[in-house]
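> Can you keep this structure in mind? I'll have questions shortly.
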């Protein structure tokens, strides 16, 4: 299944960045943008949010699921003080959970719906697809930062 390949590929690509040097983790892809370290923490947090949504869609379809404010999470959770090793383990294990649910339910229950508080009615399949595209988006930012932006 193509989505499983995307989820596994983006996981593999992302995990290697958690091992980068402090100098590389401090780089930004543009002025006033998050450093690589913050992007990695955000990816771990976003995975937990999207995994929660996936499990809620499967368990309690059609409910309203709220947007999360990524900047508030970065401030409130104080990304500058969170050990990157903790976020790495979260990202790794939660992505495994997402891959597991995608293998079981992407085709079989992909039409289950939920209501996103900002974007409206969406499906399980769309949420799983978003995990991969969201990760790809941030990988592009990391690669831009590390290649001398």
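The values are calculated or read from the model by the stated rules, or taken from the named source; none is laboratory data. Note that the coordinates shown come from a computational prediction; the quantities given were computed from them, not determined experimentally. Cβ atoms come from the backbone with ideal geometry, glycine included; neighbour counts cover every protein chain shown.
> Test residue 70 against the stated conditions and say whether it is in contact (Cβ under 8 Å) with a residue 24 or more places away in the chain and more than 16 Å from the chain's Cα centre (by Cα).
On the way: in contact (Cβ under 8 Å) with a residue 24 or more places away in the chain: yes; more than 16 Å from the chain's Cα centre (by Cα): no.
The answer is no for residue 70.
> So, of the residues in the range 120-149 that are outside any helix (DSSP H, G or I) and modelled with pLDDT of 95 or more, which turns out to be surrounded by the fewest Cβ atoms within 10 Å (Cβ to Cβ)? Spell out the reasoning first.
Keep residues of the range 120-149 that are outside any helix (DSSP H, G or I), which gives 120-123, 147-149.
Pick out the ones that are also modelled with pLDDT of 95 or more and you get 120-123.
On the way: 120: 8, 121: 10, 122: 18, 123: 16.
Once the filter is applied, the top-ranked residue is 120.
> Is there a residue being loosely packed, with under 14 Cβ neighbours inside 10 Å, more than 20 Å from residue 4 (Cα to Cα), in contact (Cβ under 8 Å) with a residue 40 or more places away in the chain and within 18 Å of the chain's Cα centre (by Cα) anywhere in the range 87-98?
Looking through the range 87-98, none of the residues is loosely packed, with under 14 Cβ neighbours inside 10 Å, more than 20 Å from residue 4 (Cα to Cα), in contact (Cβ under 8 Å) with a residue 40 or more places away in the chain and within 18 Å of the chain's Cα centre (by Cα).
> Something else about it: Looking only at the range 80-92, which residues are touching a helix residue (DSSP H, G or I) at 6+ places or on another chain (Cβ under 9 Å) and either closer than 23 Å to residue 57 by Cβ or part of a loop (DSSP other than H, G, I, E, B) (or both)?
From the range 80-92, those touching a helix residue (DSSP H, G or I) at 6+ places or on another chain (Cβ under 9 Å) are 80, 82, 84, 86-92; that's our starting set.
Selection gives 80, 82, 90, 91, 92.
> Taking the conditions exactly as written (surrounded by 12 or more Cβ atoms within 10 Å (Cβ to Cβ), over 14 Å from the mean Cα position of the chain (by Cα) and at pLDDT 95 or above), does residue 107 satisfy them or not?
Details: surrounded by 12 or more Cβ atoms within 10 Å (Cβ to Cβ): yes; over 14 Å from the mean Cα position of the chain (by Cα): yes; at pLDDT 95 or above: yes.
Considered against the rule, which asks whether it is surrounded by 12 or more Cβ atoms within 10 Å (Cβ to Cβ), over 14 Å from the mean Cα position of the chain (by Cα) and at pLDDT 95 or above, residue 107 comes out as yes.
> Within the bounds of the range 23-32, is there any residue that is in contact (Cβ under 8 Å) with a residue 24 or more places away in the chain, within 30 Å of residue 113 (Cα to Cα) and exposed (fewer than 13 other Cβ atoms within 10 Å of the Cβ)? Don't jump to the end; show me each part of the working.
Taking the range 23-32 first, the residues in contact (Cβ under 8 Å) with a residue 24 or more places away in the chain are 24-25, 27-30.
So of that shortlist, the ones also within 30 Å of residue 113 (Cα to Cα) come out as none.
Looking for residues that are in contact (Cβ under 8 Å) with a residue 24 or more places away in the chain, within 30 Å of residue 113 (Cα to Cα) and exposed (fewer than 13 other Cβ atoms within 10 Å of the Cβ), one finds none in the range 23-32, hence no.
> Of all the residues that make up the range 124-149, how many are closer than 22 Å to residue 22 by Cβ and either touching a residue at least 12 places away in the same chain (Cβ under 8 Å) or in contact with a helix residue (DSSP H, G or I) (Cβ under 6 Å, 6 or more places away or on another chain) (or both)?
8
> When both residues are 6+ apart or on different chains and their Cβ atoms are under 9 Å apart, which pairs have a first residue that lies in the range 102-123 and is under 19 Å from residue 7 (Cβ atoms), and a second that is surrounded by 12 or more Cβ atoms within 10 Å (Cβ to Cβ) and at pLDDT below 95?
Once the first residue is under 19 Å from residue 7 (Cβ atoms) and sits in the range 102-123, its partners that are surrounded by 12 or more Cβ atoms within 10 Å (Cβ to Cβ) and at pLDDT below 95 give 109/61; 112/61; 122/65.
> Let me ask something else. Right, residue 104: more than 22 Å from residue 14 (Cα to Cα) and in a helix (DSSP H, G or I) or not?
yes
> Then there's this: Taking residue 81 and the conditions (1) in contact (Cβ under 8 Å) with a residue 40 or more places away in the chain; (2) closer than 22 Å to residue 38 by Cβ; (3) more than 18 Å from the chain's Cα centre (by Cα), which numbered condition does it fall short on, given that it satisfies the others?
(1)
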